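As structure tokens, the structure follows; a few thoughts come after it.
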Amino acid sequence: MRITAGASEQTVTASPKIRTVLAMLLVHSDQVVPVPTLMRELWPECPPASALRTLQTYVLNSRKQLSLVTGSSAYRITREVLVTQTGGYVFKNAAGELDWLEFRHLVGQGKSAIREGQAHKGIQILDRALHLWRGDAFADVLTGPVLRSRRLLIEESRLDAVQALVEAKIAVGRYQETIAELASLTSEHPFHEGLHAQYMRTLALNGRRVQALKEFSGLRDRLVNEMGIEPGHPLQQLQQTILNSHADGTHGAVGASSPTAGFGAGQPVHGASGAYGSRHPAA
């Protein structure tokens, strides 16, 4: 968790519980986070008898942290930034810019540009969005049930943006660059069929059909041996398309005009249990 004010950037050095409070308020910016919700996040099992007083202390220290980093007075932070409301607390988004909200805004702009046929512009915008990431979401935050679910949402949003960016790069023929990126991504997400499909397509379009088919075999082995399921129908269809294509990727239409060209782009992000076509157990 980092807070930036002008040219100054500081990692939040507060205690784990204070970082949890700040994270809860930031991901729900401009929304009142009720006191009971904050308590459940801080003490999922059983809040102590002093929970309310302790929470108030955490909020006070959160304000001190914001005041220290921004140089604003404690009075301004209390009245305009981290505000007490009936039943809870709210972080006013107008007081600052949140990377998460900026990321969502840029991703929307990038996808819109791509849909309008401005692929190069869309690639630049999506690149800007993804450069806002500096590691895993809430990596240094003690998370409870709410932040864990929000972390999944944020991570899936990132993967969705990555897939949209990759698909745009494939469409404009940036195969070699995309191959290097997908090699890393498929290693990080060994069961993600959407990413593997993009990797297979890019390899085939670059004249590397044998490696593309090896990627399919490796993924299928993992799914069958570790999950007991076969790859989804779109991935199997892509395998057949590559098998039937020429070495230069023609005839089988694994490129932008094929039915599987958009496989994985803009789809919900799932792993081995994802919704990329009908699934059935391995024989």
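The table that follows gives values for the structure above.
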| quantity | calculated |
| --- | --- |
| Residue match in the range 59-66 (condition: within 30 Å of residue 170 (Cα to Cα), part of a helix (DSSP H, G or I) and among the charged types (D, E, K, R)) | no |
| Pairs with Cβ under 7 Å, 6+ apart, first in the range 43-61 and farther than 18 Å from residue 25 by Cα and open to solvent by 40 Å² or more (accessible area, probe 1.4 Å), second of a type outside the set (S, T, N, Q) and at pLDDT 95 or above | 47/39 |
| Residues of the range 5-58 that turn out to be acidic (Asp, Glu), part of a loop (DSSP other than H, G, I, E, B) and at pLDDT 95 or above, as a count | 0 |
| Only one of 23, 51 that is over 25 Å from residue 152 (Cα atoms) and touching a Phe, Trp or Tyr at 6+ places or on another chain (Cβ under 8 Å) | 51 |
| Residues located in the range 62-82, provided they are open to solvent by less than 60 Å² (accessible area, probe 1.4 Å) and among the basic types (Lys, Arg) | 63 |
| Matching residues, the range 83-121, being of a type in the set (Ser, Thr, Tyr) and loosely packed, with under 13 Cβ neighbours inside 10 Å | 86 |
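So that you can scan it fast, the table gives a plain yes or no per residue for (1) touching a residue at least 24 places away in the same chain (Cβ under 8 Å); (2) of a type in the set (Val, Ile, Thr); (3) on the phi > 0 side of the Ramachandran plot; (4) surrounded by fewer than 17 Cβ atoms within 10 Å (Cβ to Cβ):
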| site | (1), (2), (3), (4) |
| --- | --- |
| 134 | yes, no, no, yes |
| 141 | yes, yes, no, no |
| 146 | yes, yes, no, no |
| 157 | yes, no, no, no |
| 167 | yes, no, no, no |
| 172 | yes, yes, no, yes |
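The values are calculated or read from the model by the stated rules, or taken from the named source; none is laboratory data. Model, not experiment: these values are computed from the prediction. For neighbour counting, all protein chains shown are included, and Cβ atoms are generated from backbone atoms with ideal geometry for every residue, glycine included. Side chains included, ligands, DNA and RNA excluded: accessible areas come from the protein's heavy atoms. Shrake-Rupley method; radii C 1.70, N 1.55, O 1.52, S 1.80 Å.
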